[in-house]
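> Mind looking over this structure? Questions follow.
None of the figures in this text is laboratory data; all of them are computed from the coordinates on show. None of these values were measured; they are calculated from a predicted model. We place every Cβ from the backbone using ideal geometry, glycine too, and count neighbours over all the protein chains shown.
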Amino acid sequence: MSRLVFSGISKNFGAIQALSDVSLSIEPGEVLGLMGDNGAGKSTLAKIIAGNFRPSTGEISIDGISVVFHKPIDAQREGVAMVYQDLALADNLSAASNVFLGREPLRRFGPIRYIDYKRMNTVSADLFKQLKSETRPRQLVRRMSGGQRQAVAIARTLLSEPKIVMMDEPTAAISVRQVAEVLDLIRRLRDRGISVILISHRMPDIFSVSDNIAVLRRGRLVCRKPVGASSPEEVTGLITGAIDAA
Amino acid sequence: MTTLDDIINNSRHDSWFARLKNLQVFWVFIAAVLACLALSLMTDAFTSDRNLFNVARNFAFVAVIAIGMTAVIASGGIDLSVGSSVVLSAMVISVAMASGMGFWLSAGLALGAALLIGLFNGILIAYAGMPAFVVTLGSLSAARSLAMVLSDNKMIWEFGPDHDLLLWIGGGSTLGLPHPLYVLCVLAVVMSLVFRWTRWGQHLFAIGGNENAAVLAGIPVRRLKVSIYMFSAMTAGLAGILMAGWLGSVTTNLGQGMELTVIAAAVIGGANLAGGEGNALGAVVGALLIEVIRNSLILLGISTFWQGMFIGTFIIVAVAFDRFRNMRR
Ligand SMILES: Nc1ncnc2c1ncn2[C@@H]1O[C@H](COP(=O)(O)OP(=O)(O)OP(=O)(O)O)[C@@H](O)[C@H]1O
Ligand SMILES: [Mg+2]
């Protein structure tokens, strides 16, 4: 059974048709590379799964059960985690505080309940270790590299044991070495049986880490096939419209 | 082979950063101490018990509100209405007590009035999405006007049956220390702990750092913002009650322009107007420095017209200090 199925998803913002009739499915442990030109509707699709937007029409099901998300928290409860394009981290807080933001463990001292920083630090250190990232729990996010920030954002999603992780341009604006780090993080997620939807403009990233590739053009799905059966040239053609569909 | 514990133990990195961050508080404190030392050498009057008592009491009022302001500023907002919440609270308690009501009930009403101002600010800012600057500028005007209506713009100096209790609470002392200073100490200690160790504190700083991230993390940002403005108004209300007792009379110009001194104290103490930073101790030390400057100008016989120049310089130096820190990062 597919982990996640979209059927006939459309979304319009007033007169703008951001997505039209997109149907797509993804298996457990699959990495799906989602590509498309600026404004093709990739982020919109991701935000629909994450519960930020509701589709104008169409249906989403997870593990065969139809779901409707009103808020991001609904999607999180169903095991959908989103790593946002802008990462959505609080720069002024530590890595551990960001990992646990909104879910801080508490300890009791008589009637007083206070944040269990020790546990937050231990658990985050453990998550960073699993991700093989050199991120220290107490370090301030402001002082981190792009790759470390990604690790914080991903560790944050791991905390809720997700089934599906969506990453919107995780490799934009970071150095080459850090890109390799992030791609490794994605492989670690896949190895745990998590389905990953990777949105990127970078062809080499998609081809090195994805199992399947999907291309959106002006809100329509024009291709969905195994990476092995495609090529960067074909995908470029699909994105620009030089090739109609594949 | 590094173990998990090594990683955690090696993460001492930010403890020196924390120290660096506290440097601003430290330097402001040093500045205040130096000013005190210089003053005690230059004039005998400064170290007189009477003067020290006055300094301690006067700065406590500003510092109490500066702690509330720090919460607002750290969450990325601003509250210009505190001076008016002070006068409204003072007026409510005086009118209520003058009409024969007891102290505690009247104090409750006064705090309630201040909290309503905070609630009003918070709801318009958090739920209607209006800019904090504009909303609180509006309530700055409205709350003072309410205080005038309430008192018919008359001075109140008789506080009914609990008259002496009010004067003792606001103007009295225990073990040689003025009562407002006790209130300040309790508030500063409690809020230092709350900022660091509770979800409320943690989430407040998260909102100031990246409001969008806080929303996505499922933090009830709107409710939290309302509570922050209510907290700020409550500190102003508390100061209003204490000031009524200290002055022994209340007029409608009480607390006029106080918001600027309070904001200055918070900023000098390390609150970042861009949000995400600030601490209770800093607010206290910032308020102390301002009061010491004010006091020294008076004692040295320098025109108090210079006061604004000194406070202005300190605000700018504090912000410059912050810029410098960020550059070295
Ligand atoms: N909240 C919104 N309100 C109105 N229009 C929107 C909104 N979000 C997206 N759109 C529009 O929907 C279309 C698809 O946008 P989307 O952000 O999904 O593109 P994208 O594929 O992620 O592009 P990019 O590669 O630039 O990130 C665009 O025309 C955009 O202007
Ligand atoms: Mg996008």
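> Amide H neighbours of B:GLY76 under 5 Å, counting only residues 5+ apart in sequence or on other chains, H built in-plane at 1.01 Å?
Long-range HN contacts for B:GLY76: B:GLY275, B:GLY276.
> Once phi is turned into ³J(HN,Hα) by the Karplus curve 6.51 cos²θ - 1.76 cosθ + 1.60 with θ = phi - 60°, what whole-Hz value does each residue of the stretch B:300-307 show in order, with x for glycine and proline?
Once rounded to whole Hz, the list reads 7, x, 7, 4, 5, 4, 6, 3.
> Taking H as built 1.01 Å from N, whose amide H comes closer than 5 Å to the amide H of A:VAL67, not counting residues under 5 places away?
Placed amide hydrogens put A:ILE60, A:SER61, A:ILE62 under 5 Å from A:VAL67.
> Then there is this: So what is the relative contact order for chain A, in percent, with contacts set as C-alpha pairs under 8 Å and at least six apart?
Result for chain A is 26 percent.
> Leaving out same-chain residues fewer than 8 places away, which lysines sit with a Cα under 24 Å from that of A:LYS118?
A:LYS129, A:LYS132, B:LYS21
> Under a point spin-label approximation (7 Å from Cα along Cα-to-Cβ), what is the B:ILE30-B:VAL134 distance to one decimal in nm?
Distance between label points: 4.4 nm.
> From Cα pairs below 8 angstrom and at least 6 apart in sequence, can you work out the relative contact order of the stretch B:44-328, rounded to a whole percent?
35 percent
> Still on this structure, please answer the following. Can you put A:LEU189, B:LEU140, A:LEU106, B:LEU167 in order of Cβ neighbours within 10 angstrom, beginning with the fewest?
Ordered from fewest to most neighbouring Cβ atoms within 10 Å, A:LEU189, B:LEU140, A:LEU106, B:LEU167 come out as A:LEU106, B:LEU167, B:LEU140, A:LEU189.
> Another question, then. Given points 7 Å out from each Cα along the Cα-Cβ axis, report the A:ASP244 to B:SER249 separation in nanometres with one decimal.
Calculated label separation equals 9.2 nm.
> Right, here's the next one. Exposure proxy check: B:PHE61, B:PHE133 ranked by fewest other beta carbons within 10 Å?
B:PHE133, B:PHE61
> List the lysines whose alpha-carbon lies under 27 Å from that of A:LYS11, not counting same-chain residues fewer than 8 positions away?
Qualifying lysines at Cα under 27 Å: A:LYS42, A:LYS47, A:LYS71, A:LYS163, A:LYS225.
> Residue by residue through the stretch B:203-220, which ³J(HN,Hα) values in whole Hz follow from phi under the Karplus form 6.51 cos²θ - 1.76 cosθ + 1.60 (θ = phi - 60°), with glycine and proline marked x?
6, 4, 5, 5, 4, x, x, 7, 4, 4, 4, 5, 4, 5, 7, x, 6, x
> What residues qualify as long-range amide H neighbours of B:ASN272, i.e. H under 5 Å apart, gap of 5 or more or another chain, H built at 1.01 Å from N?
B:GLU277, B:GLY278
> Hey, rough spin-label estimate for A:THR57 and A:PHE13, points 7 angstrom out along Cα→Cβ, what's it come to in nanometres?
2.1 nm
> Can you list the HN-Hα couplings for the stretch B:256-266, worked out from phi with the Karplus curve (6.51, -1.76, 1.60; θ = phi - 60°), rounded to whole Hz and with x for Gly and Pro?
5, x, 5, 4, 5, 4, 5, 4, 4, 4, 5
> Right, next: Just from its helices, what would the mean residue ellipticity at 222 nm be for chain B, if runs of 4 or more DSSP H residues each count -39500 (n - 2.57) and the sum is divided by every residue, rounded to the nearest 500 deg cm²/dmol?
So the helix-based figure for chain B works out to -25500 deg cm²/dmol.
> Helix-derived [θ] at 222 nm for chain A: sum -39500 (n - 2.57) over DSSP H runs of at least 4, divide by residue count, nearest 500?
Numbers: 8 runs with 78 residues, N = 246.
Only helices count here, giving -9000 deg cm²/dmol.
> Looking at the protein assembly as shown, send over the antiparallel percent of its DSSP beta bridges, to the nearest 5.
Counting DSSP beta bridges with both partners in the protein assembly as shown, the antiparallel share is about 60 percent.
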